[in-house]
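Asker: Below: one structure in structure tokens.
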Amino acid sequence: MTEKVSSEACILGPKELLEPFRAVGLKGIVAGKSDALERAKALSQSDYKIVFYAEEFYPHLREFLLKRQGGVFPTYIPIPSLGEGERYALERLRELIKKAIGVDVYWEQK
């Protein structure tokens, strides 16, 4: 199963974020904020179905991602960054899960 996942998904981010994902077989694409857009565009021409990316890249990828909405592979999914982030990744994952199964599975403590 790991073999299939690794051929269909990769992760784009800084080296320290990639290591745990590499351990489970995902290909890691090292990038920083300065080259995230260039790498994301290159991955859009790949055979990957899913490209996970570091949440901190979202401001740099926003326009590119908006142009890609509508079911074109690969699907780009944010991963929460190390430390405190803007919570964009968690909100996006929440939206995707709710859309997929029709239920909001996240419970927030207030």
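Asker: Where in segment 1-84 are there strands (runs of 3 or more DSSP E), lying wholly inside it, with at least 3 residues that are modelled with pLDDT under 95 and more than 26 Å from Lys99 (Cβ to Cβ)?
Answerer: Answer list for segment 1-84: none.
Asker: Here is a check on your reading of the model: is Glu55 surrounded by 15 or more Cβ atoms within 10 Å (Cβ to Cβ), in contact (Cβ under 8 Å) with a residue 12 or more places away in the chain and of a type in the set (Asp, Glu)?
Answerer: yes
The values are calculated or read from the model by the stated rules, or taken from the named source; none is laboratory data. Being a predicted model, the structure only gives us computed values, none of them experimental. Neighbour counts are summed over all protein chains in view; Cβ atoms, including those assigned to glycine, are modelled from backbone coordinates with ideal geometry.
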